[in-house]
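All remarks here apply to the structure that follows.
The values are calculated or read from the model by the stated rules, or taken from the named source; none is laboratory data. Because the structure is predicted, anything quoted here is derived from the model rather than measured. Please note: Cβ atoms are built from the backbone with ideal geometry, for glycine as well, and neighbour counts cover all protein chains shown.
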Amino acid sequence: MKNEEERFKEFIPYSNDIICKYMDFPEFLGFLEYKSLHFTRADKFEDEFEGKVPRSFQKYYCDFYNFRRKTYINSWSIFQSESYAMWHIYSKRYGVAVKTTVGKLSKVLLNSGAKLYKVKYVDYNKCGLNIDVPPLIINKEAAKNFFLLKPKFYEYEREIRAIVINDKELPFIDVGVNIENFIDEVIISPFADKWFTGLVRDLIYNRYNMDFVKIFCSDVEIGRV
């Protein structure tokens, strides 16, 4: 029998993968101030495709559904280049993208019980879709982790998910992290005005004394009227 890492290798990110998280300013400020990452409960996502079970996996539906209120997700993106779509959707006008690596994220979440996975993008219209999806709970094969599958039209997200299971069914979970040497770079939104860059620099370097963080303006060119 294949070990878990080999069996589900298409869902396992590499520790040296560069990842980023697009944040609006309130989320970024909360991250700096409270030194925590926000995990959303899986049944609270607005997207109707979140956790959708492919037709070929319907026999697993009940077991999976029972875990929705116990599953918490924090999302990142594999960074190959900046994404106009991700800027537009997730950071609005005044936002940033925080860059780090899978290895560093795994390290700061070490005591949380979180597991990191790559999302696989699939065609839900294929009746014979047959994918060996990791279980939400080790040794509980019936509770497949369908939060690792999303429709192909979301491929631009290149999503990495940190997933925590908590039986208390809390509305959300904030996991405290040691941000010292966790953040490598911060990129300023291409939609932001110039004064916002100064504000972010002042916060990072003067208020929070994070002189190890590199700050860049976005390479995405936005036309101004």
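Among the numbered conditions (1) modelled with pLDDT under 95; (2) surrounded by 13 or more Cβ atoms within 10 Å (Cβ to Cβ); (3) more than 14 Å from the chain's Cα centre (by Cα), tell me where Ser15 comes up short. Unmet for Ser15, out of (1) modelled with pLDDT under 95; (2) surrounded by 13 or more Cβ atoms within 10 Å (Cβ to Cβ); (3) more than 14 Å from the chain's Cα centre (by Cα): (1). Tallying residues that are touching a residue at least 24 places away in the same chain (Cβ under 8 Å), surrounded by fewer than 18 Cβ atoms within 10 Å (Cβ to Cβ) and among the polar types (S, T, N, Q) within region 161-214 yields 3. Kindly evaluate Asp184 against the criterion of being among the charged types (D, E, K, R), at pLDDT 90 or above and out of contact with any Phe, Trp or Tyr (no Cβ under 7 Å at 6 or more places or on another chain). The answer is yes for Asp184. Within region 104-141, restricting attention to residues that are surrounded by fewer than 15 Cβ atoms within 10 Å (Cβ to Cβ) and of a type in the set (Gly, Ala, Ser), the residue that is modelled with the highest pLDDT is Gly113. Among residues of region 96-117 that are part of a loop (DSSP other than H, G, I, E, B), those with a Cβ under 6 angstrom from a residue that is modelled with pLDDT under 95, sequence gap 6+ or separate chain, pair up as Gly113/Val164; Ala114/Val164. Taking the numbered list (1) at pLDDT 75 or above; (2) outside any strand (DSSP E or B); (3) hydrophobic (A, V, I, L, M, F, W, C) in turn, Trp76 passes all entries but (2). Looking at the structure I just gave you, is Arg68 crowded, with 18+ Cβ neighbours inside 10 Å, among the charged types (D, E, K, R) and more than 14 Å from Glu50 (Cβ to Cβ)? Spelling it out, it is not the case that Arg68 is crowded, with 18+ Cβ neighbours inside 10 Å, among the charged types (D, E, K, R) and more than 14 Å from Glu50 (Cβ to Cβ). Please verify whether region 23-36 includes one or more residues that are closer than 26 Å to Glu169 by Cα, at pLDDT below 95 and part of a strand (DSSP E or B). Checked region 23-36: no residue is closer than 26 Å to Glu169 by Cα, at pLDDT below 95 and part of a strand (DSSP E or B).
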